[in-house]
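This report concerns only the one structure given below.
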């Protein structure tokens, strides 16, 4: 990638229990120019019939991205900073393999454009040393972008975790989830 | 160098060699044993044969990847089924809509579509004109006994007649001029996007995004230079113009298998993906255990389980189900629920 001002000390921390469902991140996400100004963040009720809990989901930027592996068109790539980029528009054939295979349910298929789109950590901003749009506007810091030192001071009883267990499969990610202190992974199933 | 030979893909090498030999045979047949072959175009022919070899090699390697192989097999399986007429018709319509007119780019941006359409149309017409000429499949002769009637011959057979100086002759002989104008306008429009769009500026690369546009403009301008030379300069700069044009075209041909231009050949897979989606929906939809709504075809979900397992990912759950049985929303909710449980069990939701 051409711009090398990407600050590798800065990391993304997500804590969906802090999400208040305000949708500020959704509006801010649409300001990201690498998304073509379409909002890519997911924010929705978890189970509206029984709870008002909302959840927020950005791309977790997996170390070994399933989306890129199952892509038949070699359209998804991971760069040297570990950012998994949205589909290369000239290659993507709109098959939806990535949409269905992503363990975090992140990619979106735009039907009219026959194109997969997803969060690429506001690469226009992060590659210039800035914070992603969603993290700059989140009022409850469910989405936080900063250093490990900063987050450990702010959340002394939590620990960032980047290992997820989906049945038999372990997935490691660039983005961290804030878990109770002492946790080493999050077992989803 | 040794590493290059060690990493060669044998299957792809065989297929690429067959493709390259097939081109040479077609050249010999189409030009009637080189009788109608224009020797001045030998460098272009060598470039084209290399391009065919490279494209066939990369295509073959590409098809060996598990997800691509599955789409390839499924596409042909569904196309050649009892529903062949409807799928063939659908593919034909989509070929015009999505390949020739690139209709799917329009929702991405009107100006972007216009730019790409001009660029792609110019390239496709130029391919249609230059490849038969380079291969000696098409050549022109004077009608016997006439100094003003031209015959267009295809594979050595007379395929059409027109008068020199007629509008058809003008359009035909300047076909590549029109292509150059289309390509130049399209490429400049695409360059403007790359200079002004913040998202593209952040992610583009020189060799991936700028080099193809520069090459296309270089081909167009040097090609127009040849026409300008023989029209207005009495051919005084012919040698310079023809050599620079040949260099740019050959660079382009050699670059096709390696760079962005390979997407011209990959794009056809979009037709297969469409058939796959339609046939999948006919066979039945998978219902998400969380949202209780259909979200994708059952065939697609099952195929993905197999592909991901082939690629080393095992999303099987202890209860015999699979994480991939969940819709994207179901997966996000499962993660949120697990996170909620972990926080609840720790006795603290925040901190």
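At a glance:
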item: Residues of region A:17-44 classified as at the interface with chain B (Cβ under 9 Å from one of its Cβ atoms), over 14 Å from residue A:135 (Cβ atoms) and in contact with a strand residue (DSSP E or B) (Cβ under 6 Å, 6 or more places away or on another chain), total; result: 1
item: Extreme residue, farthest from the other protein chains (Cβ to nearest Cβ), among residues of region A:45-76 that are surrounded by fewer than 16 Cβ atoms within 10 Å (Cβ to Cβ) and closer than 30 Å to residue B:259 by Cβ; result: A:63
item: Residue in region A:89-102 that is more than 7 Å from chain B (Cβ to nearest Cβ), surrounded by fewer than 24 Cβ atoms within 10 Å (Cβ to Cβ) and outside any loop (DSSP other than H, G, I, E, B) present; result: no
item: Counted residues, region A:154-189 - those being surrounded by fewer than 17 Cβ atoms within 10 Å (Cβ to Cβ) and more than 27 Å from residue B:322 (Cα to Cα); result: 5
item: Hits in region A:103-134 - residues which are facing chain B (nearest Cβ under 7 Å) and under 14 Å from the mean Cα position of the chain (by Cα); result: A:103, A:104, A:105, A:123
item: Filter result for the condition that a residue is under 30 Å from residue A:115 (Cβ atoms), under 18 Å from the mean Cα position of the chain (by Cα) and surrounded by 14 or more Cβ atoms within 10 Å (Cβ to Cβ), over B:50, B:104; result: B:104
item: Subset tally (residues that are over 18 Å from residue A:98 (Cα atoms) and more than 7 Å from chain A (Cβ to nearest Cβ)) for region B:322-343; result: 1
item: Contacts under 7 angstrom Cβ, first residue in region B:194-208 being free of Cβ contacts under 8 Å to residues at least 60 places away in the same chain and within 7 Å of chain A (Cβ to nearest Cβ), partner surrounded by 14 or more Cβ atoms within 10 Å (Cβ to Cβ) and part of a loop (DSSP other than H, G, I, E, B), 6 or more apart; result: B:199/A:36; B:202/A:3; B:202/A:127; B:203/A:1; B:203/A:85
item: Members of region B:23-45 that are within 16 Å of residue B:155 (Cβ to Cβ) and exposed (fewer than 13 other Cβ atoms within 10 Å of the Cβ); result: B:25, B:33, B:34, B:35
item: Residue in region A:165-181 that is nearest to the other protein chains (Cβ to nearest Cβ), counting only those that are in contact (Cβ under 8 Å) with a residue 60 or more places away in the chain and within 21 Å of residue B:348 (Cβ to Cβ); result: A:177
item: Test result for residue B:304, closer than 17 Å to residue A:73 by Cβ and facing another protein chain (nearest Cβ under 8 Å); result: yes
item: Unmet criterion (only one of (1) assigned by TED's automatic domain parsing to the domain that holds residue B:210; (2) within 30 Å of residue B:87 (Cβ to Cβ); (3) assigned to a helix (DSSP H, G or I); (4) in contact with a helix residue (DSSP H, G or I) (Cβ under 6 Å, 6 or more places away or on another chain)) for residue B:244; result: (2)
item: Residue, modelled with the highest pLDDT, within region B:8-47, restricted to residues that are within 25 Å of the chain's Cα centre (by Cα) and not in a helix (DSSP H, G or I); result: B:9
item: Check on residue A:34, crowded, with 18+ Cβ neighbours inside 10 Å, over 26 Å from residue B:315 (Cα atoms) and within 15 Å of the chain's Cα centre (by Cα); result: yes
item: Matching option when the condition is in contact with a helix residue (DSSP H, G or I) (Cβ under 7 Å, 6 or more places away or on another chain), at pLDDT 95 or above and closer than 22 Å to residue B:203 by Cβ, among A:92, A:98, A:59, A:32; result: A:98
item: Cβ pairs under 6 Å, 6+ apart, first in region B:334-351 and closer than 15 Å to residue A:185 by Cβ, second in a helix (DSSP H, G or I); result: B:339/A:16; B:343/A:17
item: Residue within region A:147-158 that is more than 8 Å from every other protein chain (Cβ to nearest Cβ) and in contact with a helix residue (DSSP H, G or I) (Cβ under 9 Å, 6 or more places away or on another chain) present; result: no
item: Members of region B:121-151 that are under 26 Å from residue B:253 (Cβ atoms), in contact with a helix residue (DSSP H, G or I) (Cβ under 8 Å, 6 or more places away or on another chain) and outside any helix (DSSP H, G or I); result: B:135, B:136, B:137, B:138, B:139
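Yes or no, residue by residue, for (1) in a loop (DSSP other than H, G, I, E, B); (2) in contact with a helix residue (DSSP H, G or I) (Cβ under 9 Å, 6 or more places away or on another chain); (3) surrounded by 22 or more Cβ atoms within 10 Å (Cβ to Cβ); (4) more than 9 Å from every other protein chain (Cβ to nearest Cβ):
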{"site": "B:270", "(1), (2), (3), (4)": "no, yes, no, no"}
{"site": "B:276", "(1), (2), (3), (4)": "no, yes, yes, no"}
{"site": "B:289", "(1), (2), (3), (4)": "yes, yes, no, yes"}
{"site": "B:313", "(1), (2), (3), (4)": "yes, yes, yes, no"}
{"site": "B:320", "(1), (2), (3), (4)": "yes, no, no, yes"}
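The values are calculated or read from the model by the stated rules, or taken from the named source; none is laboratory data. A quick note: this is a predicted structure, and the numbers were derived from the prediction, not measured. Because the Cβ atoms are built from the backbone with ideal geometry, glycine has one as well, and the counts that use them run over all protein chains shown.
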